[in-house]
Amino acid sequence: RGRLNMTANDFEGKPLKLHLWIYKKGDWKETLEVGYTNKPVDLPPGEYNVYVDSDPNAKYADVRINPGEISEIKLPEFGVLLVKGLDRQGKPRAELILLYLPGGSDSVSSGFVNKRPDLPAGEYDLAIRMGLNPDINYKGIKIAPGKVLEIELPR
C-alpha cells in the first residue's frame, strides 16, 4: 500500500483540517475513501481523483499512489478577507458576501460581513449584497498568503 497526504495550513501557518474525498481515477461519483488534510490516508497503489472541501473547492485528477511511498500534495497557501462595517446605528452589519473567480458567474465562496473566512490565496471578484441599498462590487481583489485583506464598508 501507499499513502496520500494532502497538506494545508491556515493563514497563520497552522495545520488546517479540511474534508477530502478520494475517487477512482476518471470517476467523481463513487467515493472510495474519505479523510482530512494533514492526516495521511492509506490506499492501494494506483491513480485516484481527489476532491478537497476548501471553499473554493479543489479537485486533483490522476493522483498517483506508489507502493511503500507517501504522495504529498500541498494546497495553496491561505489568506483572510475581512469585510467590516457598521450600520447607521453603530451595530455590526450582517450582509452577505459572495466571492467569484475573476470573470466567473458562479460564486465559489460565501460568508457574511464582520466574519473572517480563510481563503486560498489568489484573485477574486467580490459582491456584497446590501439589502435595500445597491450592491457593492469589487473586481480583482487579491488575497495574499498569510495576510489579512480588510475592506471597510461605508455607514
| field | Approximate shape of the chain as ellipsoid semi-axes (Cα gyration tensor, √5λ), whole Å, largest first | value | 37, 15, 12
| said: Can you give me the % of accessible surface on the chain that is carbon or sulfur? Probe 1.4 Å, all protein chains present, nothing else counted. | reply: 49 percent
| field | Potential lengthening between residue 64 and residue 84 on full extension [0.36 nm per residue; Cα-Cα distance subtracted] | value | 2.9 nm
| remark: In whole percents, the bins of 10 Å from zero upward hold the Cα-Cα pairs of segment 1-71 as 21, 55, 21, 3
| task | Could you size up the charge dipole of segment 13-155 around its Cα centre, putting +1 on the beta carbon of Lys and Arg and -1 on that of Asp and Glu, and report it in debye to the nearest 20? | result | 640 debye
| query | So what does log10 I(q)/I(0) come out to for segment 52-144 at q = 0.25 Å⁻¹, using the Debye formula with one equal point on every Cα and no solvent? | reply | -1.35
| field | Two-site label geometry, residue 7 and residue 74: point separation in nm, points 7 Å out along Cα→Cβ | value | 0.6 nm
| said: Leaving out ligands and nucleic acids, and using a 1.4 Å probe, what accessible area per residue does segment 91-155 come to in Å²? | reply: 60 Å²
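Using alpha carbons only, what's the Rg to Rh ratio of segment 66-117 with Rh from Kirkwood?
1.26
The values are calculated or read from the model by the stated rules, or taken from the named source; none is laboratory data. Please read all numbers here as calculations on a predicted model, not as lab measurements. Note that we place each Cβ from the backbone using ideal geometry, even for glycine, and neighbour counts take in every protein chain shown. We work out accessible area using only protein heavy atoms, side chains counted, and drop any ligands, DNA or RNA first. Shrake-Rupley method; radii C 1.70, N 1.55, O 1.52, S 1.80 Å.
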